[in-house]
Structures are given as C-alpha cells and as structure tokens.
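The structure under discussion appears below in the form of structure tokens.
The values are calculated or read from the model by the stated rules, or taken from the named source; none is laboratory data. Small disclaimer: the values here were computed from a predicted structure and weren't measured. Cβ coordinates were reconstructed from backbone atoms using ideal geometry, including for glycine residues, and neighbour counts include every protein chain displayed. SASA here: full protein model, heavy atoms, side chains in, ligands and nucleic acids out. Shrake-Rupley method; radii C 1.70, N 1.55, O 1.52, S 1.80 Å.
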Amino acid sequence: MSRKISELRKEIDRLDFELLQLLDKRMEYAVCIGKEKVLAKSNIYCPKREQEILQRLKKNALKYLNHEAIDSIYREIFAFSRKLEKVEKVAFFDSASSFAYEVVAKKFGFVGKYLMMQDLASLFRAVQLGEVKYGVIPLENDSGIIKESCELLFKNEAKVIAEVILPLQYSFASNDEKIQNIKKIYLEKAIANQCRDFLKFYGFNEDKWVFVDSSVEVAKMVAKKKHTAIICSNMIARLHNIPIIFENIQDKNNQMRFVVISDFFSQKANKNKTSLLVAIKNKKRADVLLGLLEDIKKYKIGLIKIEEKEIDFFSHFYLELEGYFEDKNLQEFLRKRSKELKLLGSYPREL
Ligand code: PRE
C-alpha cells in the first residue's frame with residue numbers, strides 16, 4: 001500500500017472516531033427524549049420531526065452527500081435512536097415482490113423489529129390489538145387506490161401517519177456470472193409482464209421462466225442453487241447476497257405508494273395531506289359528488305385525489321385533501337360532513 005493511502009486512512013480513522021463520538025452523543029439525547037416520551041405516554045416515532053430534520057439537512061447541500069445519501073444515513077440513525085428510546089414492532093404484509101419490505105427498511109431502517117404478516121387483515125388486527133406499533137400497507141399502485149387497503153382502513157381504527165412513494169425497480173440476480181449458463185429464472189407473473197423487453201433482449205425465453213407466488217420465498221433457494229437466477233427487488237437480492245447482474249430492468253418506471261398505520265394521529269408537519277372516505281348513502285352518486293366538490297371549493301381546500309371505491313356493496317369516495325385535519329377549513333368541512341365521513345389520517349406530504 002502506498003504511503004499516501006495509509007496517510008489518508010489515518011485521517012479516515014480519526015474522523016470515524018469523531019463521528020462515532022458525535023453519534024453516540026446524539027443517541028444520548030434521543031434516549032433522554034425517549035424517557036420523556038415514555039413518561040408522557042407519547043409516541044416514539046415522529047414522522048413530522050424526522051421530515052423536518054431531513055429537509056433542514058438537505059437545504060445545506062454538501063460537496064459529496066446528496067439527498068439520497070442523507071436519506072439513507074439518517075434513516076438508520078433515526079431507526080437506531082427510536083430503537084434505543086423503546087423497541088417497537090413494525091408489521092408489514094408482502095403480497096408479492098417484497099416492496100413492502102423495501103418500504104419498511106426505507107422508513108424504519110434495518111435495525112428495527114419486523115414482523116411479516118400473512119395478509120392485510122391480520123396486519124390491521126395486530127395494530128388494533130397493540131401487538132405491533134406500526135403497520136406498512138400498500139395504498140396505491142398504477143391502477144389506483146387499492147380496494148382491500150381502503151376497505152380495511154374504513155373498518156379499523158388505525159390511522160394513516162406517514163406515506164412512502166417507492167419506484168418499482170427490478171433486478172436480475174444470479175450466482176452465475178455467465179448468463180448463458182442460467183437454466184431457470186424464478187419470477188412472479190406480474191414481474192415477467194413488467195420486464196418483457198429485458199427478457200426478450202437477452203433471449204431469456206419462456207421455457208426458462210419458473211413462476212412463483214412470492215420472490216421473497218424463493219430468493220433463499222436461488223442464493224444456493226447453481227444455474228438459476230431471480231428477478232426481484234434490489235432489496236431482496238441484497239438481503240440474500242445474490243449478486244445483481246442487471247439493475248432497473250423494468251420496461252417502464254412504475255411506482256407504488258405505501259402508508260404507515262398506527263394507533264395515533266401524526267403531528268402537523270410543514271406540508272400535510274389528509275385522507276378520508278365518504279360513504280354514499282341512499283343518495284345519487286352524482287349529487288353527492290357535486291355536493292362534496294362544492295364544499296371542498298367553499299372551504300378553500302386543495303383537492304389532491306378523489307376516487308370511487310365500493311366497500312361492502314356501498315359506494316364510497318376516497319378523498320385526499322391538502323392540509324391537516326385540525327386546520328380551520330378542514331375542521332369546518334369535516335364537521336359538516338361528519339355523519340357520512342371517516343377520517344383516515346393526516347400525515348406529512350411526500351408528493
Ligand atoms: C428522533 C427519533 C425518533 C423520532 O421519530 C424523531 C426524532 C431523532 O433521532 O432525531 C428523536 C426523537 O425522538 C424526537 O425528536 O422526538
């Protein structure tokens with residue numbers, strides 16, 4: 001090793017020492033905050049505060065640390081300080097490609113205590129019974145708001161406290177460096193549909209495809225088996241140490257929106273969103289829709305999204321509005337519509 005490198009490494013060692021001292025000091029403050037919170041029976045996770053810290057740090061742009069780096073470093077710092085304050089469990093449900101796990105890691109870091117649920121209904125039950133403090137559920141994909149999530153939010157008391165927007169990116173991972181050796185590619189049907197151009201370009205014809213229900217379940221096996229590959233999220237490949245050969249192989253860039261649910265209302269942040277459901281009882285849909293839009297206009301509320309969803313054979317409107325539920329105009333709107341409306345939560349706006 002050159003003298004230059006060893007000198008530079010000495011500098012790094014010195015800085016690492018300082019960094020750890022500083023981080024430890026930071027953790028000490030977090031532990032103190034945690035004690036106060038436990039005494040006051042308040043919630044450990046505070047999406048509003050975390051968002052504020054991130055926004056402040058990103059404003060002071062540095063030479064090397066871009067926004068993505070700040071996000072990922074601080075995600076782990078927050079996760080660790082939350083864990084020191086109090087260990088709280090997070091449940092997630094993975095319908096398939098394990099994007100929920102990616103969201104969990106993105107929001108809660110890798111050091112949390114996680115529980116993978118069998119279905120969305122059991123996740124809601126676990127939050128309701130206090131078995132877990134937080135749940136991560138998918139809320140919206142490219143076909144719109146997901147009916148089952150909407151239905152469960154309607155029927156349960158859990159509140160939406162944060163949102164996470166996740167680009168759906170797939171990787172081709174295999175232990176075989178020579179792609180000509182690969183005989184079987186494990187993938188979900190939906191993923192195959194989203195990576196057709198890639199599969200065609202590399203000549204991975206359908207006779208090599210093995211459809212699976214969940215890439216999470218087969219990743220462990222692919223990690224050990226020769227001449228196999230998997231198409232899955234980057235996170236799953238990395239978790240199982242399967243070398244990623246091609247990244248971002250999807251035909252087009254889709255994204256998915258997940259939300260975090262818990263048993264409390266999130267605090268007001270700089271920019272907020274409020275989600276609610278309005279039941280349409282006995283009246284004509286067009287009249288209800290018109291009335292709703294008139295009220296939204298009357299109270300000068302920003303409308304982000306409106307979608308019709310059927311719940312228990314009754315029509316409902318899923319609404320996303322700008323602002324926090326305690327804002328004056330939203331309060332007036334909510335009061336006026338209180339009989340037909342269910343507030344799902346207000347949370348820091350990511351998009
Ligand atoms: C802290 C940790 C967890 C919360 O979600 C927000 C911030 C942090 O590490 O900065 C500290 C803390 O608990 C708080 O400020 O409320």
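Numbers below:
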quantity: Candidate residues E11, E140: accessible-area rank, largest first, probe 1.4 Å; calculated: E11, E140
quantity: Highest to lowest packing among 112-120, 313-321, scored as the average C-beta count within 10 Å; calculated: 313-321, 112-120
quantity: Environment charge of Q267, counting only residues whose C-beta is closer than 9 Å and scoring Lys/Arg +1, Asp/Glu -1; calculated: +3
quantity: L293-L57 FRET efficiency (beta carbon distance; Förster radius 51 Å; 0.05 resolution); calculated: 0.85
quantity: Shape call, the range 170-252: gyration tensor on alpha carbons, a/c limit 1.5; calculated: rounded
quantity: Environment charge of L351, counting only residues whose C-beta is closer than 12 Å and scoring Lys/Arg +1, Asp/Glu -1; calculated: 0
quantity: Carbon + sulfur, % of accessible area of the chain - ligands and nucleic acids excluded, 1.4 Å; calculated: 53 percent
quantity: Added length on full extension, which subtracts the Cα-Cα distance from 0.36 nm per residue, Y64 to V87; calculated: 5.0 nm
quantity: R0 of 35 Å, Cβ-Cβ distance M1-K208: FRET efficiency to nearest 0.05; calculated: 0.20
quantity: Compactness of the chain as Cα Rg over 2.2 N^0.38 Å, two decimals; calculated: 1.14
quantity: Neighbourhood net charge (14 Å Cβ-Cβ; Lys/Arg +1, Asp/Glu -1) for K41; calculated: 0
quantity: Euclidean distance between Cα centres, the range 1-45 to the range 62-135, Å; calculated: 21 Å
quantity: Helical mean residue ellipticity (222 nm; -39500 (n - 2.57) per DSSP H run of 4+; nearest 500) of the chain; calculated: -13000 deg cm²/dmol
quantity: Residues with amide H under 5 Å from that of L115, placed H, sequence gap 5 or more; calculated: V90, A91, F92
quantity: Protection proxy ranking of 51-61, 337-347 - average other beta-carbon atoms within 10 Å, highest first; calculated: 337-347, 51-61
quantity: For E131, residues with placed amide H under 5 Å, excluding near neighbours; calculated: none
quantity: Within straight-line cross-link reach of K339, lysines at Cα separation under 20 Å, skipping those fewer than 8 residues along the same chain; calculated: K155, K159, K281, K283, K284, K297, K298, K309, K328
quantity: Cα gyration tensor shape of the range 271-313, rounded if a/c is under 1.5, else prolate or oblate by comparing a/b with b/c; calculated: oblate
quantity: Listed peptides 184-191, 72-79 by packing density, highest first (mean Cβ within 10 Å); calculated: 184-191, 72-79
quantity: Label zone at R337 (point 7 Å along Cα-to-Cβ), backbone N below 13 Å, the range 138-166; calculated: none
quantity: Surface per residue (accessible, 1.4 Å probe) for the chain, Å²; calculated: 56 Å²
